[in-house]
Amino acid sequence: MNDIPELDKVRSDISSVDRDIVDSLAKRDKLIKRVAVIKQVHDLKPHQPDRFAQMMKDLREYGASVGAEPQLIDDVWDVIHRHSMALQKDLASKANKQ
């Protein structure tokens, strides 16, 4: 830390938000695993382009309403979506081997 209490407080607040983000990512992963199972049961592919396009539209609109930078939304969800697709494909592959 440093000798600037205001900076320390803001950094502490950022750390709290960061933990909230990690908690949300863990919750999201659990939900993605449930989605993967449902898609397998109904013989759906992991990537649903229409769903993804609508999700991104909704997220961009929501982001704009709360002051989030559009490029940040795109960049973060690009990583999240790639992770989601990899997780679903991995789970599908494991299920097919059983």
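Each value in this text was obtained by applying a stated rule to the coordinates, not by laboratory testing. In this text, all values refer to a predicted model and were calculated from it rather than measured experimentally. Neighbour counts are summed over all protein chains in view; Cβ atoms, including those assigned to glycine, are modelled from backbone coordinates with ideal geometry.
Quick look at the numbers
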| read-out | value |
| --- | --- |
| Segment 5-31 residues that are surrounded by 10 or more Cβ atoms within 10 Å (Cβ to Cβ), paired with ones that are of a type in the set (Val, Ile, Thr) (beta carbon under 8 Å, 6 or more apart) | Leu25/Ile80; Arg28/Ile80 |
| Segment 46-60, residues that are surrounded by 12 or more Cβ atoms within 10 Å (Cβ to Cβ) and out of contact with any Pro (no Cβ under 7 Å at 6 or more places or on another chain) | Pro46, His47, Gln48, Phe52, Met55, Met56, Leu59 |
| Pairs with Cβ under 9 Å, 6+ apart, first in segment 45-57 and within 15 Å of Val35 (Cα to Cα) and touching a residue at least 40 places away in the same chain (Cβ under 8 Å), second small (Gly, Ala, Ser) and surrounded by 13 or more Cβ atoms within 10 Å (Cβ to Cβ) | Pro46/Ala36; Pro46/Ser84; Pro46/Ala92 |
| Residues satisfying the stated conditions in segment 58-82, i.e. aromatic (Phe, Trp, Tyr) and within 11 Å of the chain's Cα centre (by Cα) | Trp77 |
